[in-house]
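> Attaching a single structure in structure tokens format; questions to follow.
The values are calculated or read from the model by the stated rules, or taken from the named source; none is laboratory data. Just so it is clear, the structure is predicted and the values come from calculations on it, not from any experiment. Here the Cβ positions follow ideal geometry from the backbone for every residue, glycine too, while neighbour counts run over all protein chains shown.
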Amino acid sequence: PVLASSTRQIFNVSVLVLLTHLGYLILARPPLHGGLLPLTVTAIILAIAYRPQFALLMTFSLSLAITSTRGTGIDHLLVQVTGQAAAVLMMRNIRTRTQLVEIGAIAGLGFAVMTLATALLTNQGWPMIASDALRRFLWGLLAGFLVSGLLPLIERWFGVVTDVSLMELADGSHPLLQEMVRRAPGTYNHSLTVANLAEHAAEAIGANPLLTRVGAYFHDVGKMLKPGYFIENQNGQNLHDTLEPGLSTLIIIGHVKDGVALAQQYNLPEPVVDFIRQHHGTTLVEYFYRAALRQAEENGHATSRQEGTPCPLESSFRYPGPKPRNRENGIVMLADAVESASRALSDPTPGSLRKLVRDLLMKRLLDGQFEESGLTLSELHQVEEALCKGLIALYHSRIKYPEPAQRRSA
């Protein structure tokens, strides 16, 4: 999260600092001498929610402030900073809860090593030094266990999702995904394909591929409430043939709201729910919009184009948004569009697939769908290339390549 521009994040950090100081005051007293526990928990939480640089700055500032107010020596400050810095720096690529416990052990080891090192500056006996080192190691280890258990609460509090939770969501056994397999198998297969395409595109520009994959898995879960109205689940009969374009549009657009409700019911992390909200942005449901225009013209109620007034129907045929607000959501929007459109191609050649991706990207770019995503033109070009390669590989067995000239002339 962006701290400087978010009142909520400033409030969260302030509360965390106050709780840390309160925890230190309670636990640092004898016989526990456990002040390192809240400091280590806070260091790991900050590394989860923010950049490592910010976590290091905050943990050093906290340790310095506590050391100054408590009147403890430089040896205590060195012990605190060493273990916390070790924890923060080792927080990259954490994929399991066991690794969080290991981070706690690493912090504890840092405390223990620095305790032994600072013992050279004191006249304590070795039994006391060994006792302090062991106790501080155990407090660090306990901090790892606490963060592992409190991880869902931490994610919800700070509005983030860690790779640990994403890995748990990505294994395909989530009840919501299993429900989609049963009720909307076509949508499920579509989501898997979108996930593969989007993940490679995210890797190409240095975005978060794991978040992109998980977001793509869940982006269309709302379709399973009315699966027969979406083409990937239809078996020849199109239920929209008997409906007015306006009603069909309401059903199509409604899958976003239904998906958000299901995701919240199943307690999905908010960054994953955002994929459901944003994967269509404010795009136009073109098929039914054009059908409504034709119907209006046939009935003699179409808006006069000579007057230059916009068609009053268009706003009713657009998704409510919001538009994608980060790179990962922008990638899934485009991957979703190209995967759906590619299935309508009767002869998917490399050239036709590249043209399809290019046309859909330009249409959304000119429609302003990527203006809040943070995607640059250079990154959009890289995403385009990655999606083209993915689609060509996907349709490789169906593509008929021209025969070599020598074979044709033989």
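> If you scan the range 276-294, which residues turn out to be buried (at least 16 other Cβ atoms within 10 Å of the Cβ) and not aromatic (Phe, Trp, Tyr)? Let's see the steps before the verdict.
So the first thing to find is which residues in the range 276-294 are buried (at least 16 other Cβ atoms within 10 Å of the Cβ), and the list is 276-281, 283-285, 288-289, 291-293.
Once the filter is applied, which keeps residues that are buried (at least 16 other Cβ atoms within 10 Å of the Cβ) and not aromatic (Phe, Trp, Tyr), the range 276-294 yields Ile276, Arg277, Gln278, His279, His280, Gly281, Thr283, Leu284, Val285, Ala291, Ala292, Leu293.
> Give the range 335-358 a look and list any residue that's charged (D, E, K, R) and either surrounded by fewer than 20 Cβ atoms within 10 Å (Cβ to Cβ) or outside the structural domain of Gln382 (by TED's automatic domain parsing) (or both), or say none.
Arg343, Asp347, Arg354, Lys355, Arg358, listed by residue number.
> On the given criteria, is Asn235 free of Cβ contacts under 8 Å to residues at least 60 places away in the same chain, outside any helix (DSSP H, G or I), in the same structural domain as Lys363 (by TED's automatic domain parsing) and surrounded by fewer than 17 Cβ atoms within 10 Å (Cβ to Cβ)? Break it down into steps so the answer makes sense when it comes.
Details: free of Cβ contacts under 8 Å to residues at least 60 places away in the same chain: yes; outside any helix (DSSP H, G or I): yes; in the same structural domain as Lys363 (by TED's automatic domain parsing): yes; surrounded by fewer than 17 Cβ atoms within 10 Å (Cβ to Cβ): yes.
So Asn235 passes the test.
> For the range 311-342, which residues satisfy the criterion of being touching a residue at least 12 places away in the same chain (Cβ under 8 Å) and in a loop (DSSP other than H, G, I, E, B)?
Correct list: Cys311, Leu313, Tyr319, Pro320, Gly321, Pro322, Lys323, Pro324, Arg325, Asn326.
> Right, another one. Inspect all residues belonging to the range 40-54 and state whether any of them is at pLDDT 95 or above, surrounded by 24 or more Cβ atoms within 10 Å (Cβ to Cβ), out of contact with any His (no Cβ under 7 Å at 6 or more places or on another chain) and of a type outside the set (A, V, I, L, M).
Looking for residues that are at pLDDT 95 or above, surrounded by 24 or more Cβ atoms within 10 Å (Cβ to Cβ), out of contact with any His (no Cβ under 7 Å at 6 or more places or on another chain) and of a type outside the set (A, V, I, L, M), one finds at least one in the range 40-54, hence yes.
> On to the next question. Tell me the residue from Thr115, Thr20, Thr82 that is touching a residue at least 12 places away in the same chain (Cβ under 8 Å) and closer than 19 Å to Glu155 by Cα, please.
Selected residue: Thr20, the only one of Thr115, Thr20, Thr82 that is touching a residue at least 12 places away in the same chain (Cβ under 8 Å) and closer than 19 Å to Glu155 by Cα.
> Which one of these is closer than 20 Å to Ala133 by Cα and surrounded by 17 or more Cβ atoms within 10 Å (Cβ to Cβ): Ile74, Ile94, Ile106?
Answer to the selection: Ile106.
> May I ask you to list the residues in the range 156-192 that are within 17 Å of Pro227 (Cβ to Cβ) and either free of Cβ contacts under 8 Å to residues at least 40 places away in the same chain or of a type in the set (S, T, N, Q) (or both)?
Those that are within 17 Å of Pro227 (Cβ to Cβ) and either free of Cβ contacts under 8 Å to residues at least 40 places away in the same chain or of a type in the set (S, T, N, Q) (or both): Gln178, Val181, Arg182, Thr187, Tyr188, Asn189, Ser191, Leu192.
> Let me ask something else about it. In the set Leu345, Leu356, which member is in a loop (DSSP other than H, G, I, E, B), without any contact (Cβ under 8 Å) to a residue 60 or more places away in the chain, among the aliphatic types (A, V, I, L, M) and at negative phi?
Leu345 is the lone residue from the list that is in a loop (DSSP other than H, G, I, E, B), without any contact (Cβ under 8 Å) to a residue 60 or more places away in the chain, among the aliphatic types (A, V, I, L, M) and at negative phi.
> Where residues in the range 151-181 are under 24 Å from Arg51 (Cβ atoms) and of a type in the set (Gly, Ala, Ser), which of them is surrounded by the fewest Cβ atoms within 10 Å (Cβ to Cβ)?
Only one residue tops the list, namely Gly159.
> Just name the residue that is surrounded by the most Cβ atoms within 10 Å (Cβ to Cβ) out of those in the range 359-388 that are among the hydrophobic types (A, V, I, L, M, F, W, C) and part of a loop (DSSP other than H, G, I, E, B).
The extreme case among them is Phe370.
> Would the range 245-265 turn up any residue that is of a type outside the set (Val, Ile, Thr), without any contact (Cβ under 8 Å) to a residue 60 or more places away in the chain, touching a His at 6+ places or on another chain (Cβ under 7 Å) and surrounded by 15 or more Cβ atoms within 10 Å (Cβ to Cβ)?
yes
> Within the range 307-319, can you find the residues that are modelled with pLDDT of 95 or more and loosely packed, with under 13 Cβ neighbours inside 10 Å?
none
> Name the one entry in Gly206, Gly186 that is among the small types (Gly, Ala, Ser), assigned by TED's automatic domain parsing to the domain that holds Ser342 and on the phi < 0 side of the Ramachandran plot.
After applying the criteria, what remains is Gly186.
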